[in-house]
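None of the figures in this text is laboratory data; all of them are computed from the coordinates on show. The shown structure was predicted, so the numbers you read here are calculated from the model rather than taken from an experiment. Positions of Cβ are generated from backbone atoms using ideal geometry, with glycine treated the same way; all protein chains shown enter the neighbour counts.
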Amino acid sequence: MIHLTQRPRRNRKNAAIRNLIQENSVTVNDLVFPLFMIDGKNKKTEVKSMPGIFRRSPDLLLKEIEECLKLGITTFDLFPNLEDSLKDKKATESHNKKGLYLSTLKEIKKKFPEAILMTDVAMDPYSSDGHDGLVKNGEILNDETLEILAKMAIAQAESGADIIGPSDMMDGRVGYIRRALDEKGFSHVSIMSYTAKYASAFYGPFRDALDSTPKFGDKKTYQMDPANSKEALIEAELDFTEGADFLMVKPALSYMDIIKLLNDNYNLPIAAYNVSGEYAMVKAAAAKGWIDGDKIRDEILLSLKRAGASVILTYFAKEFALAKK
Ligand code: PBG
């Protein structure tokens, strides 16, 4: 026998000891479940590139939320899929109280006041240009967009939103929205800022889900360059000083260094958005039998916790909750 002072394997020798020393774990309390809605009744269409994820009409969405609440999922991030005829340059539909999104929000909140509703603030689901901001002569206008975003955020708060999620990446939007909410008496409504949102190919399946692919160009003049990390610190500093309650990093898996960077430098909770393309890759490889999808799902969520995320937005939320039942 060789004498070794340190034998790290001693702490791995059985499940009880491994559990005893485990530094991180995932529970359903950590998860936010993104949900897609469409107009109609008793309608449910699967997103082709996201097996197991559906766009639901309001009646079926209510049922889904009820099931999820029973499984212990508390928080939902809602996105509308709108017909092209409702889209215009100014995203007018985004503040139509009688429209699909806001009326459904209200209905959910009425039926399930305990459900925490997060809403998305950006123009793309409502924009005929498919961009997050107002387009003029091929340019995305920053300051003109802020006004539209604030109007959208107020309408969402009035319809029952608990957490506003600006995903648009315009400069100054967190402060602008914070002030607008406060002026209207919504100082209790939170902001989860998409702080470091990268111009990423991982959003492809989400744009299928919403039919929101940009009609021209890409989002690189507002979303961040995947090559950079220092910009994430600038964005975090702005969001912190402008009043964000959570700092989000998106996508999650290729950006774990950014999750850690923000967590090391800021005392706000960090959220990671485990995006559509990350979900799709796991589902596709698992369907081929190339990986164990359930184990990979759990490992991904755990690794995001380890990296420093205290909140994870993930399409795996419901199946994770079901698996842990
Ligand atoms: C749009 C928005 C996007 C996502 C959330 N909000 C896509 C985009 O910026 O093009 C992506 C979510 C995902 O891929 O799961 N403002």
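Using a simple spin-label model with pseudo-atoms 7 Å out from Cα toward Cβ, Lys324 and Asn228 lie 3.6 nm apart. Exposed loop sites here are GluC sites (Glu not before Pro) assigned a DSSP state other than H, G, I, E or B and surrounded by at most 13 other beta carbons within 10 Å; excluding them, the longest clear run of the chain is 115-325. In summary, the aspartates and glutamates within cross-link reach of Lys110, defined as a Cα separation below 14 angstrom excluding same-chain residues under 8 places away, comprise Asp59, Glu66, Glu158, Asp162. Based on alpha-carbon atoms, the Kirkwood radius and the radius of gyration of the stretch 107-207 give Rg/Rh equal to 0.98. Cross-link pairs exceeding 30 Å in C-alpha to C-alpha distance, out of Lys250/Lys283; Lys41/Lys89; Lys136/Lys260; Lys98/Lys184; Lys109/Lys136; Lys109/Lys151, comprise Lys136/Lys260; Lys109/Lys136. The value of relative contact order for the chain, using C-alpha pairs under 8 Å at least six residues apart, is 18 percent. In the chain, the DSSP-assigned H stretches of four residues or longer account for a calculated mean residue ellipticity at 222 nm of -11500 deg cm²/dmol, using -39500 (n - 2.57) per stretch and the full residue count as denominator. Database remark: amide H of Gly130 closer than 5 angstrom to the amide H of Lys215 (H placed geometrically; neighbours at sequence offset of 5 or more, or on other chains; Pro and chain starts carry no H). Across the stretch 192-201, coupling constants 3J(HN,Hα) worked out from phi with the 6.51/-1.76/1.60 Karplus curve, θ = phi - 60°, read 9, 7, 6, 6, 10, 10, 8, 6, 10, 6 Hz, and Gly and Pro carry x.
When DSSP beta bridges are restricted to pairs lying wholly in the stretch 24-324, around 15% turn out antiparallel.
With an a/c value under 1.5 for the gyration tensor axes a ≥ b ≥ c computed over the alpha-carbon atoms, the stretch 24-324 is described as rounded. Short to long, the 5 Å bins of the Cα pair-distance histogram for the stretch 7-95 hold 3, 11, 15, 15, 14, 10, 8, 7, 6, 5, 4, 3, 1, 0 percent of all pairs.
If you plug the beta carbon distance of Lys111 and Asn14 into 1/(1 + (r/R0)^6) with R0 = 51 Å, you get a FRET efficiency near 0.60.
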